[in-house]
Every structure is written in structure tokens, then in C-alpha cells.
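Novice: Can you keep this structure in mind? I'll have questions shortly.
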Amino acid sequence: MKHRLDPLLRPRSVAIVGASNRPDSMGEWVLKNLGLGSYPGDIYPVNPRYETLQGHRCFKTIDALPKTPDLVVFAVGDERLEAALDDAIAAGVPAAVIQSPLAIDNDSAPDLRQRVRQKISAAGMLVCGANGMGYYNIRDHVWTCGFDSSPHAAPGNVALISHSGSGMSGIIDCEERLRINVAVSTGNEIGVTMDEYLDFVLDLPETRVVGLFIETARDPDGFRAALLKAEQRRIPVVALKVGRTEMSAQLSVSHSGVMAGVDATYEALFDRYGVQRARDQDEFATMLIMFAELHPVGAGGLVALHDSGGERQLLVDLAHDAGVSMTKLSEQTVSALEAILDPELPAVNPLDAWSRGGADAGEVMTRSLSLMMQDAGAALGAVIHDRGPGGKIYPSYVNYMQRARSETDKPVALVAARQGTGCDEVVVASTHAGFPVLDGVSAFLSGVHALFAYRDFLLRKPARPVRSEAAIVRKWQDRLRSGGSLSESMSLTLLDDFGIEASKAEVANNEQQVLAVAKRIGYPLSLKTAKAGLVHKSDLGGVILGIGSEEQLQQMYQILSHRLGPDVLLASMAPAGVEMFLGIKRDPQFGPVVLLGFGGVLAETINDVQFALPPFDAAHARRCLDRMQFRPLLDGVRGRPAVDIESFCSTAARFSEMAHALRDVLSEVDVNPVIVSEGAAIAVDALVVGRDRREDDRAKT
């Protein structure tokens with residue numbers, strides 16, 4: 001299948017500008033790696049100092065080549081890079097790899113990086129880099145890396161795309177259990193961005209999983225499109241996203257030239273497309289191995305076989321922390337285990353099946369694993385044992401797995417209780433045969449959690465967001481496009497127009513109007529100052545709740561108008577319930593993001609919030625809600641009744657559609673609180689801020 005990146009990643013000919021015979025130089029290694037990868041196309045070293053290099057005729061300049069190459073790999077210093085690039089563009093070379101950082105001391109403005117970016121953009125040249133380590137298209141035998149490399153066999157089943165060069169080489173050159181088909185060090189992406197590489201590897205028939213070592217998405221729309229393609233192809237994506245903390249995000253500026261983005265937005269993005277997130281490189285590699293090599297995971301939880309009571313107990317604790325479900329064995333499975341175990345061993349999962357040992361101990365262990373994996377509640381099996389001397393594994397451990405798989409057709413892995421090696425021949429062979437040998441229980445459990453989460457993601461019903469009337473959308477687009485804040489009354493009207501139940505509210509500016517509005521709304525009601533420019537009205541005593549009579553209203557209005565002016569808002573009171581909030585923030589990369597959480601004073605104290613990309617349906621809102629720490633409050637505590645969760649989720653879904661429909665004209669929305677009672681979810685207070693696109697344009701200039 002043809003792809004736009006073919007000249008870059010599947011070139012028919014390659015020129016190496018700066019090819020060299022200097023030991024361990026980039027010019028030597030690029031040429032050497034093309035040979036190590038068994039590159040089948042034409043290779044053209046370019047360096048006027050040599051006649052031949054590594055058996056290839058060497059050319060003085062690019063324009064002296066017998067034909068225009070598809071790809072040029074630059075192995076020259078940044079002082080010479082710009083002139084060499086000019087020659088390549090003049091020759092019509094369509095693609096290039098730049099591994100240098102594009103930095104020159106005492107450079108003129110615009111600097112080298114900007115000049116190179118402008119030139120390749122004008123030429124339409126596909127560029128990998130700069131400030132990276134090239135790529136390995138192991139599947140098609142194209143290795144462009146300028147550093148020493150481990151052997152890699154084609155075709156592989158794992159694609160790795162990394163903003164970090166060391167994040168790429170540190171995994172693929174030190175982990176033989178991973179079978180790589182394509183690995184790319186994208187660098188700072190002055191040309192081709194991560195989403196384009198992702199799109200490319202998703203088209204390869206061997207790709208079973210893709211790993212992303214990601215700092216930021218430089219093309220947010222393209223990134224979302226590529227993740228959607230992965231979802232549709234049912235190819236799991238594992239992400240190691242850096243920039244989670246503020247300091248880490250700032251460091252990415254110096255490393256890649258861009259901010260890492262708001263981490264909570266990336267969490268929402270990953271949740272939307274089923275991307276599984278690793279916390280470190282051990283988890284990252286383990287997840288990739290498990291997705292690539294294990295049998296598909298069905299319904300159920302984890303069963304684990306041990307030869308240690310203490311390590312079994314540790315697994316229980318770690319599985320709880322990792323959110324991994326351990327299978328509760330059926331009575332039938334328990335009875336079958338009790339028939340073969342030593343009587344002092346409890347027939348439970350996880351299972352310690354080794355007590356007295358003996359001649360038949362191996363058969364007991366083997367049979368125990370098979371029985372547990374045959375349980376209807378078992379989705380995945382694990383043999384969790386320590387490695388033997390020298391980090392080796394005993395053949396009997398592999399026998400356990402092979403027999404259990406043959407009798408159940410369920411996936412099973414061998415996990416070292418602590419650590420081992422990914423280079424032992426038996427370990428590598430077992431892994432590639434579909435029986436992964438993994439290191440570290442915590443990293444393994446993170447992988448199990450990812451497998452189960454991706455399984456559940458694929459089982460989700462397609463989202464069915466609500467759709468708003470076109471006339472309503474146009475009305476509010478016209479109202480908001482000039483920016484500025486809406487009044488509270490107007491904000492509540494906006495919510496009502498989009499089907500979000502809100503308090504009845506009207507503005508008044510004298511006592512006569514106040515009394516007339518109260519008759520229309522009815523008691524009890526709230527009285528709030530409508531003085532322009534006030535955001536946190538309650539902090540100034542500008543909110544009076546629960547007014548139950550005309551006499552009380554007159555009294556409260558006199559007090560409020562004396563302190564904060566005659567302009568007020570009267571609103572109906574919602575039934576008692578739990579205070580929630582809904583918000584919209586504008587992410588600088590991905591646009592509007594919806595926030596769901598506990599409201600009122602809790603919004604500023606407990607920060608129990610979930611982010612979600614709009615639009616979404618009520619089922620997605622429910623998943624967000626169920627992840628919140630204080631979720632049990634909605635079920636009723638201390639004698640209070642349970643509230644109408646489904647009403648809140650439906651409200652959140654309609655709110656998300658509003659965020660999506662008005663995405664170009666909304667800057668910020670804060671609906672706090674939304675009172676969720678036994679039978680309804682009612683928005684009580686709202687602040688809406690429009691987005692003036694002209695301000696964005698002025699900021700860019």
C-alpha cells in the first residue's frame with residue numbers, strides 16, 4: 001500500500017552526505033547501518049575526500065549522483081548543514097533525515113532551525129528530525145540511524161515512535177523480546193510529525209501494537225485522526241507521555257521547542273481513543289511485549305500461580321493498588337484444586353501450590369495452573385516465580401504455560417518476582433512463541449490493567465452524542481463571537497436553549513420589578529447581585545438563598561441594593577441535593593475540554609475532577625463519574641437519599657454537545673453548582689465567556 005511517507009521511510013535510493021570512514025562517526029554508522037539492515041536499494045555516499053567507502057563508490061556532490069535519490073541522510077555538522085540542504089533541494093530530493101540539533105553559536109536571526117524549517121516547507125520536503133536519531137524501518141530494511149545498533153530481524157510486530165532518541169534506542173537495542181517493525185526517533189519534528197508516522201505504521205499488516213514516547217502533539221487534529229484510525233483498526237496504542245508535572249512540561253520546551261500540553265487533557269484524549277498509558281520505560285516495554293505476544297484477552301480477571309506464600313500475598317496488595325481484578329474461583333475449581341494440593345495449602349487465587357515438594361510437585365504445579373485457567377472467570381494466567389541462578393528460567397516453568405494454554409486457549413505469561421534479563425535465548429524464544437517472560441510484578445500488573453482496559457474499551461458501545469438544533473447554534477455563535485462575558489441570566493438562558501435544565505432567572509433593577517419577577521418565578525427563590533464585573537458574588541455577600549416570602553424579599557433587596565447596587569438576579573431554588581459542577585476550558589492544543597466534578601465549595605477544596613473531550617454521551621459521563629474519589633456521595637450517606645445520577649450524566653452529555661457546537665466561540669464556561677437531587681439535575685449558577693477570534697489573530701502577530 002502506497003503512503004505519503006514512502007520517499008522518507010521506504011526510499012528506493014539513499015544518499016549519505018558526509019559519509020566517512022572515521023570510526024564511530026555518524027557518517028560511518030549511517031552507511032554501516034544501511035548494510036546491517038540489508039538495504040536493497042541504491043546507496044550513494046557523498047564526500048569529496050573519498051573515492052569509495054565500505055565498498056560503495058563515493059561522489060563529490062549530490063548533483064554528481066547518477067540519479068536523484070529518494071532520501072538524503074545528512075551526516076554533517078550544523079555549520080555545513082544549510083548549504084548541503086540547499087544542494088539537496090536544488091537536486092529535487094523529496095525526503096531527508098536530519099539528526100543534528102540545528103544550533104550554531106552566534107547565529108543570525110532567523111536562526112538555523114527556522115531557516116531550515118522555512119526551506120523544507122517551501123520545497124515540500126519530507127524531513128525526519130531534527131535533533132533525533134533517525135529511524136529503523138526494519139520491515140523494509142532501511143536503517144538510517146547514525147549510531148551503533150543491535151541486530152533486528154524483519155518483519156517484527158511492534159512499532160515505536162519516540163520524541164526521545166534515547167527513549168527509542170534504549171528500548172529497541174536492549175530488549176530482544178520486542179520484535180520491532182518500525183522505530184522512529186522523531187526529534188523536534190520540523191517536518192514530519194508523530195501523527196504521520198503513526199498513520200504509516202497502522203497501515204503495515206504486521207503491526208500488532210504501537211508505542212508512543214510523546215512530549216506533545218504538534219498537529220493535534222492529525223494526532224486525533226491517527227488515534228481514531230488505530231481505534232478503527234483495533235490496534236492498541238501504548239503511550240509514555242512526559243510533561244505530567246509542571247517542571248517536566250517546562251523542560252520539554254528546551255528539549256523539543258514546544259510545551260508538553262495540559263496533562264489532564266491528554267488523559268481525556270487517551271481515554272477517548274483507548275490509548276493505554278505507561279508511567280515509565282519498564283512499564284512501557286512490558287505493555288508492548290504483552291500486547292504484541294499474548295493471546296487475545298477475553299472476559300474475566302487474572303489468575304496467578306506461585307511457589308511462595310509471601311510473594312502470593314504481595315501480589316494481592318500490588319494487584320489492588322494497580323486496579324487489577326483477581327478471579328474469584330468457582331466452587332468447582334476450588335474442589336478440583338483441593339483434590340491435588342497438600343492439605344495445608346488453601347485453594348484460592350492467587351495460589352501457592354508448593355508446600356512439601358516431592359516427586360510429583362511439578363505435576364501439581366502444572367495441573368493447578370491449568371485448573372485455574374479453565375475457570376470461567378479467568379481471562380489471563382500468570383506463573384509468578386523467581387528467576388534461577390544467573391537470571392535463567394527453569395524449563396518446567398515454560399511447561400506450565402504451554403500445557404495450560406493447550407488446555408484452555410487462554411493467554412499466559414511467566415513473570416519474575418523481581419527482575420531478570422531480556423536477552424537470554426530461552427526467554428526470547430518463549431516470548432516470541434506466545435508465552436512472554438516478563439520482569440517485575442508491578443510492571444506486569446500495569447500491563448494486565450492495560451490489557452483489560454483495552455479489552456473493555458473495544459466492548460464499549462459506539463457513543464451517541466445528542467445533536468443541537470442548527471438555529472440555536474447559529475444564534476449563540478453570533479452572540480459569542482465578539483468575546484466578553486455573558487450575564488448570569490443570559491448564561492442560564494444559553495444552557496436552557498441547549499436542553500440543560502436550569503433555574504428560572506430574571507433580572508430586575510428596582511423594588512417594583514423585583515416583586516413582579518418573584519410572582520412569576522415563585523417562592524422560595526434566590527437573590528443575587530447583578531452588578532457588572534463581579535465574578536465571585538458569594539465572597540462579597542452578594543448571594544442570598546432560600547427567600548420564602550414577599551416581606552423577606554423586600555428586606556433582603558434593600559440590604560443587597562444598599563451594598564452592591566440596585567441590579568439583581570432572582571432565580572428559582574433547586575431541590576436539595578449534591579452540588580456538582582460542569583465546566584469548559586480551552587486547551588491550547590485540542591480546543592474545548594469539558595470538566596466534570598463535585599461543585600460548590602468542594603470544587604475549590606477537593607479538586608475531584610475528570611476531563612473529557614466533547615462531544616460525548618451519557619455513558620461516557622458515567623464512566624468519568626465512576627472514577628471520582630467522592631463518587632459514593634451520590635449514592636447517599638448518613639441517611640441522605642441517593643441522587644439521580646443518570647440525570648446528571650444526561651446533562652453532562654448535552655453540555656458537551658454545547659461545547660462542541662460552540663467550540664470556535666467559547667473561551668470558558670463555569671456551571672457551579674449543578675444541584676443533583678433525587679429526581680433532577682438543575683444548573684443554578686453559570687458564567688460563560690465568549691472567544692474573540694480577532695484576539696487570537698493579534699496574539700499570533
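What follows draws every value from the coordinates through simple rules; no lab data is involved. In this text the structure is predicted, and so the values were computed from the model without any measurement. FYI the Cβ positions are ideal-geometry reconstructions off the backbone, even for glycines, and counts take in every protein chain you see.
Novice: Cα centroid distance between segment 213-232 and segment 167-190, in Å?
Specialist: When both Cα centres are located, 18 Å separates them.
Novice: How far is helix 511-521 tilted off the main Cα axis of the chain, in degrees rounded to 10, range 0 to 90?
Specialist: Taking Cα atoms only, the helix is inclined about 70 degrees.
Novice: For the chain, what proportion of DSSP beta bridges, expressed in % and rounded to the nearest 5, is antiparallel?
Specialist: Percent antiparallel among DSSP bridges in the chain is about 50.
Novice: Mind checking the angle between helix 309-322 and the chain's longest principal axis? C-alpha axes, 0 to 90 degrees, to the nearest 10.
Specialist: Compared with the principal axis, the helix lies near 50 degrees.
Novice: Is the shape of segment 296-459 rounded, prolate or oblate, going by the alpha carbon gyration tensor and its root eigenvalues a ≥ b ≥ c, with a/c under 1.5 for rounded and a/b larger than b/c for prolate?
Specialist: Rounded shape, in that the Cα axes give a/c under 1.5.
Novice: Below 25 Å Cα-Cα, how many Lys pairs turn up in segment 1-131? Only count pairs eight or more apart in sequence, or on different chains, if you could.
Specialist: 5
Novice: How would you order 407-418, 123-134 from highest to lowest mean count of nearby Cβ atoms within 10 Å?
Specialist: So the order, starting with the most tightly packed, is 123-134, 407-418.
Novice: Counting only other residues whose beta carbon sits under 15 Å from that of Asp24, what net charge do I get with K and R as +1, D and E as -1?
Specialist: Net of charged neighbours comes to 0.
Novice: Going by average Cβ neighbours within 10 Å, how do the peptides 608-617, 581-590 rank, with the highest at the top?
Specialist: 608-617, 581-590
Novice: Among Pro151, Gly222, Ile161, which residue has its Cα furthest toward the positive end of the charge dipole of the chain, with +1 on Lys/Arg Cβ and -1 on Asp/Glu Cβ?
Specialist: Of the listed residues, the answer is Gly222.
Novice: By how many degrees, between 0 and 90 and to the nearest 10, does the Cα long axis of helix 488-497 differ from the longest principal axis of the chain?
Specialist: 70
Novice: Something else about it: For the cross-link pairs Lys461/Lys504; Lys475/Lys537; Lys519/Lys585; Lys504/Lys531, which exceed 30 Å when the distance is taken from alpha carbon to alpha carbon?
Specialist: Too far apart for the 30 Å limit: Lys461/Lys504; Lys519/Lys585.
Novice: Can you give the Rg/Rh ratio of the chain, where Rg is from the C-alpha atoms and Rh is the Kirkwood radius?
Specialist: So for the chain, dividing Rg by the Kirkwood Rh gives 1.07.
Novice: Tell me which lysines have Cα within less than 20 Å of Lys328's Cα, excluding those fewer than 8 residues away on the same chain?
Specialist: Lys410
Novice: How long are the three semi-axes of the equivalent ellipsoid for segment 1-131, computed from the Cα gyration tensor as the root of 5 times each eigenvalue, in whole Å, largest first?
Specialist: The three semi-axes for segment 1-131 are 22, 18, 13 Å.
Novice: Given H placed on each backbone N at 1.01 Å, which residues far from Ala413 in sequence or on other chains put an amide H within less than 5 Å of it?
Specialist: Distant-sequence amide H within range of Ala413: Gly381, Ala382, Val383.
Novice: Quickly rank 32-41, 661-670 as a protection proxy: mean count of other C-beta atoms within 10 Å, highest first.
Specialist: Result, highest mean first: 661-670, 32-41.
Novice: May I ask for the distance between the Cα centers of segment 602-637 and segment 35-76, given as a whole number of Å?
Specialist: If we compute the Cα centre of each part, the gap is 59 Å.
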